[in-house]
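Colleague: Would you mind keeping the following structure in view while I ask a few things?
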Amino acid sequence: MKAIFSTMFAMVALVFSLQAQPPGGGDPEAMRARMKERVKPMLLDKTKVTDAEADKILDINFEFQMKTRPIRMDQSLSDDEKKAKMKEAQDARDKALKAIPLTDEKVKAVNDFYEEMRKQMQQQRGGGGQ
């Protein structure tokens with residue numbers, strides 16, 4: 001039970017620390033380092049990827065987050081335009097994950113891991129968010 005609470009706390013802290021940074025503000029390398037410190041142990045545990053694979057996955061996902069945040073925040077885009085741009089970014093992320101190389105099973109495990117993190121963060125925020 002303590003491990004679950006610690007994991008949840010780490011994920012909450014990660015998301016809030018990343019969201020606390022204004023767009024284009026903060027030090028991206030410091031943000032990347034904090035993300036690796038907080039998320040890597042959970043990623044290794046949940047997905048059974050290697051240490052080297054986890055580092056590459058975290059780098060790819062960080063770049064994905066940096067590319068998609070402006071899309072989500074762009075109020076000049078319609079929902080359909082945002083969905084199309086997000087799909088394009090997700091496809092590029094999946095292609096990069098496969099190039100690590102990761103098997104389809106590991107790519108699915110990684111995507112499931114991040115989806116679970118997203119769901120848990122939405123629950124922490126009271127069900128809101130995208």
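Colleague: If you go through the range 90-129, how many residues are under 13 Å from N61 (Cβ atoms), surrounded by 15 or more Cβ atoms within 10 Å (Cβ to Cβ) and either free of Cβ contacts under 8 Å to residues at least 60 places away in the same chain or basic (K, R) (or both)?
Modeller: So the answer is 9.
Colleague: Over 11 Å from the mean Cα position of the chain (by Cα), modelled with pLDDT under 95, surrounded by 15 or more Cβ atoms within 10 Å (Cβ to Cβ) and among the hydrophobic types (A, V, I, L, M, F, W, C): which single residue out of M35, M31 fits that description? Break it down stepwise before answering.
Modeller: Details: M35 fails: over 11 Å from the mean Cα position of the chain (by Cα).
Among M35, M31, only M31 is over 11 Å from the mean Cα position of the chain (by Cα), modelled with pLDDT under 95, surrounded by 15 or more Cβ atoms within 10 Å (Cβ to Cβ) and among the hydrophobic types (A, V, I, L, M, F, W, C).
The values are calculated or read from the model by the stated rules, or taken from the named source; none is laboratory data. Not measured: the values here are computed from a predicted model. Don't worry about glycine lacking a Cβ; one is built from the backbone with ideal geometry, like all the others, and counts go over all protein chains shown.
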